[in-house]
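Okay, so here's the structure we're looking at.
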Amino acid sequence: MKTAGRLALGVLAWVTVVPLLGLLCLWLGAVVFDAPEASSVILYVTVAFNIGTAALLYWYGVPSVPHWGRRVAYFVGFVVLLVVASAVVTFGVQLLIAMLVTFRR
């Protein structure tokens, strides 16, 4: 598989797993663990998982180059791609929830 295909599949996995993990952690924090300290630990674990997943996606999806300028450009492009994809998915999920709440009334 080419680099662009690996990167596209990785970003697709990122935007699928991150909202689901957020909902799972929200449920865990509200139902399973009652203490406020537990919810902050869950938040840190979620952030660590997201950063680790992004690092793995970058390691396997973005090609390594000998020049630092190009490597920095790849890194910036990768971060921008993840941020934009995450923002689009988050906006879509919020819009879906707002529509469900509005039409349920």
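The values are calculated or read from the model by the stated rules, or taken from the named source; none is laboratory data. Since the structure is predicted, the reported quantities are computational estimates derived from the model, not experimental observations. Virtual Cβ from ideal backbone geometry, glycine too; neighbours counted across all protein chains shown.
Worth a mention:
- Exclusive hit being of a type outside the set (S, T, Y) and either touching a residue at least 60 places away in the same chain (Cβ under 8 Å) or surrounded by fewer than 11 Cβ atoms within 10 Å (Cβ to Cβ) (or both), set I42, I51: I51
- The range 33-88 - residue that is touching a Ser or Thr at 6+ places or on another chain (Cβ under 8 Å) and among the hydrophobic types (A, V, I, L, M, F, W, C) and, of those, modelled with the lowest pLDDT: F33
- Filter result for V84 (surrounded by 11 or more Cβ atoms within 10 Å (Cβ to Cβ) and under 11 Å from the mean Cα position of the chain (by Cα)): yes
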